[in-house]
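Note sheet for the following structure.
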Amino acid sequence: MTPEWIEIGRGLCYAGAGLTFGLAGAGSACGIAIASHAGAGVMREKPELFGRMLIMIALPGTQGFYGFIAAILIMTQTGLIGGGNLKISLGTGLALFFIGLGNGIAQLVSSIKQGEASAAGIALIARRPESAGRAILFPAFVETYAVVALLATILFIIFLTQPSVLQLLPQ
Amino acid sequence: MRLSAGYMIPFIKNRPDWGFVCGRMSALEGKLLPREFFTLIIEMHHTEDVYQHLQGTLIEDYLDPGIPWDDFSAIADECFYDLATSIRAECPSPVPADLFLIRNDYLNIKSALSGIDSRFLPGMIREQTIGAVLDGDYADLPSPFRDRITGAGIDLGELDESMSDMFVDGAYLRHLLMLADEIDSPLIRSCVQERVLGHAVSSLWRVLRQGRDLKQVVDLFLPVGEENPLILDLAGTPDPAAWPDLVGGEIGDQLARAIQMPYDDQISTFELKVTNFVLHLSAYARLETSGPERVFAFLMALEAEMQNLKLVVTGKINRIHEDILGPRLRYVYG
């Protein structure tokens, strides 16, 4: 494998890392904004519900962290952070790129949809504050698939970057 | 197409820019009153009890222990007006609130055409513009009113009060339809169209009861959008018993039921049934998280709540029997 192909493989895997936290972060920002609009409107009438609103607004923010975890894992496992100069084949790089992209899309969509579910839950809490416990469940179900996507991403990254797959390049 | 039982109107997608005002709607919807609230007032015997009962409602801030109860209708109107204008200020589009606020404007125009100063809180039209109507200047009035006057060469000064009222009613309905077209919502458009049709039918019915020739009156009343051919058909049929078949759909069914009522109650029953039908239709918007339909549905419910409050409180003050008040309550979803 020529050094050019190794560079392309490395570039692809870092592009995947960039996409995974970029898309997840953007999704979380959108999701929080959707929930925040509804929460702020409720607090206009019922400021005493701030604590319950805060939980619902914060829920879509977790996907941003999931994207961050996946990106950091790609960077540490491929040697960009704290590792040596690893040999990443074009195939491995391409696989890591699409894993990062897939995780990013899953986090992006789930955080926006979680924001909408949180806004609906906020509407329920506004009408019936005693239903806060149940209202939090619905956006939590959306979270499930963000967690599943993160777990799959972590497994893929770990198995694709085992020492038998990646070799240390000579200095 | 006329709406009938089992209707399904598609929702528009959630619009995040309506999120703030819809969050506020959610909190305010929690304060809407259930039907039992009104029936309890109907059963009360002392106005002090009514005052206590109204604590914790949306109208609470407008009541103080020394208020003259005779002014209760004005208090309820002020409460609705203040809330509607406050919601309007927070909406990305003023249309859902304007659909309710323009009613006062057209009532003020009617007063001005009769030579009386504005009595209702202004919605979209400034008080100066209404003041100009007193002097016969219609230039600054909304296009549904102004365009018809200039287009048909109508001289309102030559018309008697009931005829000029019909002209203003027609302009009001055209304005409602124009506003509904400004917002991309099939639900709002359907509700407005049904409301307009119901209003048009009851207006024609009242004119018919006055013994006037409907064909002469509709020239002042029209056009009202897609309903023009139907209105002309109704005007050519002087027997209201034949109207339900012409109107069709749910409004036609309600009209047929109203005609079965005693003569004096027919028109008011029809108006109540149309209002309840539109309220029922708009209540589907509660399923939406954020969008103009939520605002429209809340204002429909708030308007009905204020009408119900006016009915039961002023009814109690005037010692109207509870058997008369109960059936006149509007649909509530509090």
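The values are calculated or read from the model by the stated rules, or taken from the named source; none is laboratory data. Quick caveat, the model's predicted, so the values are computed rather than measured. Quick reminder, even Gly has a Cβ in these numbers, built from the backbone with ideal geometry, and neighbours come from all protein chains shown. With ligands, DNA and RNA removed, areas are computed over all heavy atoms of the protein, side chains included. Shrake-Rupley method; radii C 1.70, N 1.55, O 1.52, S 1.80 Å.
Overview of results
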| quantity | calculated |
| --- | --- |
| Stokes-Einstein translational diffusion, the stretch B:204-313 - Kirkwood Rh over all Cα pairs, 0.890 mPa s, 25 °C, in µm²/s | 154 µm²/s |
| Globularity ratio of the protein assembly as shown, using Cα Rg and 2.2 N^0.38 Å | 1.31 |
| For B:THR289, net neighbour charge (Lys/Arg +1, Asp/Glu -1) across residues whose Cβ lies under 12 Å away | +2 |
| Tilt relative to chain A, helix A:137-160 - C-alpha long axis, 0 to 90 degrees, to 10 | 10 degrees |
| Relative pair counts by distance (%), Cα atoms of the stretch B:41-196, 10 Å bins | 10, 32, 29, 21, 7, 1 |
| Occluded residues from the stretch A:105-134, i.e. those whose accessible area drops by 40 Å² or more once the chain is not alone (1.4 Å probe) | A:ARG127 |
| Whole-angstrom gap from the stretch A:33-98 to the stretch A:1-26, using each part's C-alpha centre | 18 Å |
| Cα point-scatterer Debye curve for the stretch B:249-327, base-10 log of I(q)/I(0) at q = 0.16, 0.25 Å⁻¹ | -0.75, -1.12 |
| GluC sites (Glu not before Pro) restricted to DSSP loop in the stretch B:131-183 with at most 15 other C-beta within 10 Å | none |
| Rg/Rg_globular for the stretch A:34-171, with Rg_globular taken as 2.2 N^0.38 Å and Rg from C-alpha atoms | 1.39 |
| Amide H partners (placed H, <5 Å) of B:VAL224, local residues excluded | none |
| At least 18 Å along the helix axis (C-alpha) and Kyte average at least 0.5, DSSP helices within chain B | B:266-282, B:292-317 |
| Whole-angstrom Cα spans of the stretch B:120-194 along principal axes, big to small | 39, 24, 22 |
| Relative packing of peptides A:33-41, A:74-82, B:49-57, B:91-99 - highest average C-beta neighbours within 10 Å first | A:33-41, B:91-99, A:74-82, B:49-57 |
| Fraction of accessible area attributable to carbon and sulfur, the stretch B:209-318 (%, probe 1.4 Å) | 49 percent |
| Reachable lysines from B:LYS31, criterion Cα separation under 22 angstrom, eight or more residues apart if same chain | A:LYS46, B:LYS310 |
| Semi-axes of the equivalent ellipsoid for the stretch B:150-255, Cα gyration tensor, largest first, Å | 22, 20, 10 |
| Whole-angstrom Cα spans of the stretch B:143-184 along principal axes, big to small | 39, 20, 9 |
| Degrees separating the helix A:3-45 axis from the principal Cα axis of chain A, which is the longest one | 0 degrees |
| Kirkwood-type radius of the stretch A:1-107, with distances r between different C-alpha atoms, in Å | 15.3 Å |
| Largest-first ellipsoid semi-axes for chain B, taking √(5λ) over the Cα gyration tensor eigenvalues, angstrom | 30, 24, 23 |
| Dimensionless Rg/Rh of the stretch B:31-87 - Kirkwood Rh, Rg from C-alpha atoms | 0.96 |
